[in-house]
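Notes to accompany the following structure.
Only the coordinates and a few stated rules stand behind these numbers; no lab work does. Keep in mind that this is a model prediction, so the values were computed, not measured. No Cβ is skipped: glycine too gets one built from the backbone with ideal geometry, and neighbour counts run over all protein chains shown.
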Amino acid sequence: MYVQQTATSAAKGNFRWIWPYCKPDALRVVLALFLFLIDKVFTLVMPILAGLVVDEVITKGMRERLVPYLVAMIVTQLAHTVTRYGYQMIMERFGQNSIYRLVSDEFEKLHTLDFTYFNHTRTGDIMSRMTSDTDAIRHFLSWVTYNGLDCIVMFFSAIAVMFTIDWRLALALACVAPIIFLIARTMARKSHAIFYSIRNSLARLNSMVEENIEGNRVVKAFVREDYETEKFDEHNDDYYQRNMKLAYNNAAYIPWLDGLSISLQLITVVLGGYLVIQGSMSLGALVTFQSFLWMIDGPTRQAGWLLNDLQRFSASCIKIRKLLSVTPRVAETEAPKTAPVRGDVRFEHVSFAFPDDPKNPVLSDLDFHVDPGQKVGILGETGSGKSTLVHLIARFYDPTFGRVLIDGKDAESWPLTTLRSQVALVMQDTFLFSDTIGGNIAFGAQRSGSDSGPGQADQEFIRSMAAIAGADSFIRSMPQGYDTVVGERGVGLSGGQKQRLSLARALADDPAILIMDDTTSAVDMETEAEIQKHLREMAGSKTVFTIAHRISSIKDADLILVLDHGRIVERGTHEELVAAHGRYWEIYHKQLGLQAGVGTFPQDSGTNSSDEGRN
């Protein structure tokens, strides 16, 4: 009883939740309902006309009434066809429009969520919400709604008409119909948990496939095709078994539904035939009664499938509602329009730990100040918290303790759009869109533009930014130059080429604060030196944060921070840190040994990589 009440309340909650997406098309629903009622009238008239033909034309020989009855039947059937087609098309448009609004909300919601959500949510789960779950809701709105109403109206209308024809035969059928409905309801109730597990299994399967598509080169490089195929088979088998469990659940009840449905026909033929023989019922009345039988048989049998669709709708609603109800940890600030960011950055005893691991801080008591226009270098071993530090500047995360001040104002009080529009981050994991090279570079520059698209941005400006990033030469060597379309995530370009395009995209954004997270790790030393030269020559007063493993990338910085396990262990200029003979000095001498061919430096990734060719 508790489970049934919970499912009922959940269904009511889902209906209330989906209604705002349906409300703008309420007039369509009213029109569809009007056509639906007209259609049901014509549907009920047809069996009555058939009975009159049998009683009056065939039995009583009133042949003059044959043509009028046939014309009436043809007109009725045509009207039934037109009205049914009309409300079905209207309901399909209603469902599509509602889902359009829902998917738009889902997509907008995804852009409000912060890194914490995406760190713990699989891409396949998100894609399932956006595709299969939304389609299940569309199917319910466009098809299940009017079919469910059709079953209810037809069932009770048929029962009412049958009782007016012969109450004894109608009562006999009415005793069987509730049993069919109860069996169908039981089948649907047991299907609810199965549908929910099927949705979860499908999400896992989608995630696995998505990972293999993204990582197909890694799989091939390590010759792990068989291993990945086995993993896929496990997920696919799990999805198969859960669907089979649903099939077994249906198979346990459908034979009973079919058997009881056939019993309705048997009762009609046996008892109705007996009443006709006894003279208690006319043959035309029996024909009319038999014609109405499908209006009882169909709804009772279809009730199970409609209830299954209702359970699928409920499971999908739960998934999507969970997505839309997520509250981002980095909340937008409602504030009036502020002045542009100048680039003054101050960390006041900042500590940070990820929400799912609060006992292990990634950053501890960071305290430093950067004036506008200064260049800051950040050095440290892998996992020392370098990337997390710069993520706090753009408010991808908020500090656990302490404050990050931008232009003397707490970063949490800046509107996200204002702050991030002035902070450009070139991340370690370079991402390029399936667009032209020029379109990728102009991506940020078009933020405040019109709908003309990135391709309409000033071409000379794009080329100048590409030149500063050391990308102009290899772009011009391509067959279509800046109009060359790169593949998904920049496939076909080398790591160094993608890094330089990402840097050009950030420069085109003209930020007040530029953050380069190991941006030149896949670039050769000569190209890196050229990029550093161009960056120094840039006009303006951009505050630049550079995360690097190579000291050559940061030795000209105004301030260098050396991190170790989330703490600043050294700070100063290149000369000051070398003279201190500390951690920075050790790294510096190791890299000098690397250049002299004496030793190696494990942190220095990509120093020997050539990036001008394609993968």
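Numbers below:
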| item | result |
| --- | --- |
| Region 267-397, dipole about Cα centre (Lys/Arg Cβ +1, Asp/Glu Cβ -1), debye to the nearest 20 | 320 debye |
| Antiparallel content of DSSP bridges confined to the chain, in %, to 5 | 50 percent |
| The chain: calculated mean residue ellipticity at 222 nm from DSSP helix runs of at least 4, using -39500 (n - 2.57) | -20000 deg cm²/dmol |
| Cα centroid of region 342-366 to Cα centroid of region 11-32, whole Å | 46 Å |
| Compactness of region 15-324 - radius of gyration and Dmax, Cα, Å | 25.6, 87 |
| Label-point separation, Tyr69 to Leu283 (7 Å along Cα→Cβ), nm | 1.1 nm |
| Cβ-based net charge around Ala580, under 12 Å, with every Lys or Arg adding one and every Asp or Glu removing one | -2 |
| Partners for Lys409 among lysines (Cα-Cα distance below 24 Å; same-chain residues under 8 apart left out) | Lys337, Lys375, Lys386, Lys542 |
| Sorted by Cβ density within 10 Å, fewest first, the residues Lys498, Lys533 | Lys533, Lys498 |
| Fewest-first ranking of Val423, Val29, using other Cβ atoms within 10 Å as the exposure measure | Val29, Val423 |
| Under 23 Å from the Cα of Lys12 - lysines, other chains or at least 8 residues apart | Lys23, Lys190, Lys319, Lys322 |
| Cross-link reach list, lysines versus Lys220, counting only Cα pairs under 26 Å and skipping chain neighbours closer than eight places | Lys231, Lys498 |
| Trypsin sites (Lys or Arg not before Pro) within region 156-264, DSSP loop, no more than 16 other Cβ atoms inside 10 Å | Arg224 |
| Ranking of Phe354, Phe292, Phe155 by count of other Cβ atoms within 10 Å, fewest first | Phe354, Phe155, Phe292 |
| Kyte-Doolittle at least -1.0, axis length at least 24 Å by Cα - qualifying DSSP helices, the chain | 2-22, 26-52, 66-112, 145-165, 167-214, 225-277, 283-324 |
| Average projected area [Cα convex hull, the chain], square nanometres | 37.9 nm² |
| Between region 142-159 and region 90-126, the alpha-carbon center distance in angstrom | 31 Å |
| About the Cα centre, charge dipole magnitude for region 15-324 (Lys/Arg +1, Asp/Glu -1 at Cβ), debye | 740 debye |
| Inter-part distance where region 224-286 and region 304-327 are each reduced to a Cα centre, Å | 24 Å |
| Farthest toward positive dipole pole in region 180-234 [+1 Lys/Arg, -1 Asp/Glu at C-beta], among Ile198, Leu182, Val223 | Leu182 |
| Dipole magnitude (debye, nearest 20) for the chain, charges at Cβ of Lys, Arg, Asp, Glu | 2580 debye |
| Gain in span if fully extended, His111 to Glu214, counting 0.36 nm per residue against the direct Cα distance | 34.9 nm |
